[in-house]
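Presented below is the structure to which this report refers.
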Amino acid sequence: MGRRLLRFGHGRAAPGFVGAREDPSTFADVYVEYHEQVLRFFARRTFDPETAFDLMAETFAELFAHIDGFRGDTEEQGRAWMWTVARHQLYRWRERGIVERRSIERLGIPVATLGQVEYERIEDLADLQRVRPQLEQALDQLGSEQREALQLRVLEQREYDDIAQQCGASPQVIRARVSRGLRQLAKSLAEAEPTESEELFT
Amino acid sequence: VTKIPPEHTAARALEDSFRQLGEERARAQAQAPRQAPRRVRRRAPRIVLIALMALLLAAVAATGAKVFLDDDGGVKPDPKAHKGHRLDPTSSDRRLGLASAADPVESQPWGLRLSESANGNTCLALGRVVGGRLGTVRQGRFTALPARAVDVCGPLGARHVVTATRSSPSSIVAGGRDVLFGVVDRTVRGLELRSATGQTAPVSVKGDGTFVVVRRGHGAFGGTQLVVRGPADVRAIALDR
């Protein structure tokens, strides 16, 4: 008890996964703490903000649905469990080609559409500059519209509004072209997948 | 714990959902009757242990006698013993929907499977149909979906329609494809897609109420509404991608 008070103060439940198992009302804090790391993990592997967000949402829904079954005693074990679930979601997405929403649907969690700021934030998390060399090599495989959109967005790092004006299309259309282009290149870009240690420290 | 910036609306909405669900679950846990751990741990009286041992011995002896004397030793497997999880739809509930739609590039059409969850909701699983089975196709290879795979569930009786859209990325089809799928009940008189510019296109609904629409590209249903014509009213469902 004394140890617990020293570590967490005022006798409150431990934060994180262990605490959320004891008191599910604190699970939202676990989500707030880790959602961006998980989002980055998916963004760097799917190159698609919407897919990355859906996978992240399903991962946390799955964690919440099974928090009772978490058997760990430390936060490190909680994080390990979280990454196992995330990797499984990614595997299922690659296997089936669609994002599973089993836990989201079961819990009745509405998943909102991404706004422009959030979309671009997730794109930042994907760290497209990391795949720049592969991208430059692979641009020839694409159609002219996608090639132009990717060149302006990823290689020249221009704003969507700016590109939209130059190309005579809406920012949404440009976003779709960039997203399509990246997904078409996903196979060659998969070789540039970050290692898990890179993931944790970037 | 860092706060999520207000402009990250989708991430914040998720936080709100987890907070609400977490509080509901915590309340439910607090209201649940507490078990008395002492009672569980209390040492059982010796007489009970002896009785249990005697019962066990009798059971072993009876089984041994049966194995030794019986003609075929026939302990038949209990068909109920391998029933799945309570929420798993039973196999007799699962059926392939009549609706299907061609893929823009590959030969295997899209279809859906219907099942009923334990709490009475209608569940749908989307996939590619090969030989009367539903599955996925990757690099030309078909893999059947697991029996428990479900994409969306909803109360068909109350809402008259259960529907969803799914993105399916592809290295072959530029931008992948988006699929709209669902089922309506008998009260629904018609379905149509209404684009952002107001153009409408009817959605073909099969005799069992199922429908599947495949469009090339990502976000192909963005800004589109699914118009559901019911017996008394007309509803428009905004499709998110």
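The values are calculated or read from the model by the stated rules, or taken from the named source; none is laboratory data. Values in this document were obtained by computation on a predicted structure and should not be read as measured data. Cβ placement follows ideal geometry from the backbone for every residue including glycine, while neighbour counts extend to all protein chains displayed. Quick note on the areas: whole protein, heavy atoms, side chains included, nothing else; ligands and nucleic acids left out. Shrake-Rupley method; radii C 1.70, N 1.55, O 1.52, S 1.80 Å.
Here are a few things to note about the model shown:
- Close amide H partners of B:VAL152, meaning residues 5 or more places away or on another chain with modelled amide H under 5 Å apart, are B:LEU124.
- The mean number of partner chain beta-carbon atoms within 10 angstrom of a residue's beta-carbon across peptide A:171-183 is 3.
- Anisotropy class of region A:58-156 from Cα gyration tensor, a/c 1.5 cut: prolate
- In order through region A:123-139: 3J(HN,Hα) via Karplus (6.51 cos²θ - 1.76 cosθ + 1.60), integer Hz, x for Gly, Pro: 4, 4, 4, 5, 6, 5, 4, 5, 9, 3, x, 5, 5, 4, 5, 8, 4
- Three-way shape call for region A:9-79 based on the alpha-carbon gyration tensor, with the a/c threshold at 1.5: prolate
- For A:94-103, mean number of other protein chain Cβ atoms within 10 Å: 6
- Between amide H atoms placed 1.01 Å from N, distances below 5 Å from B:THR210 occur with B:LEU98, B:ALA99, B:VAL184, all of them 5 or more places distant or on a separate chain.
- Mean partner shielding of peptide B:3-10, defined as the number of other chain Cβ atoms within 10 Å of each residue Cβ, is 6.
- A simple rule links phi to the HN-Hα coupling: the Karplus curve 6.51 cos²θ - 1.76 cosθ + 1.60 with θ = phi - 60°, which for region A:24-38 gives x, 5, 8, 4, 4, 5, 4, 4, 4, 5, 10, 4, 6, 4, 5 Hz, with x for Gly and Pro.
- Interface area, B with A, accessible, probe 1.4 Å, both sides summed, Å² nearest 100: 4200
- Sorted peptide list for A:93-104, B:20-31, criterion being average Cβ within 10 angstrom, highest first: A:93-104, B:20-31
- Computed from backbone phi, the HN-Hα couplings of region A:114-122 come to 6, x, 4, 4, 5, 4, 6, 5, 5 Hz, rounded to whole numbers (Karplus: 6.51 cos²θ - 1.76 cosθ + 1.60, θ = phi - 60°; Gly and Pro given as x).
- Efficiency of FRET between B:ASP16 and B:VAL105 - r from beta-carbon atoms, R0 51 angstrom, step 0.05: 0.80
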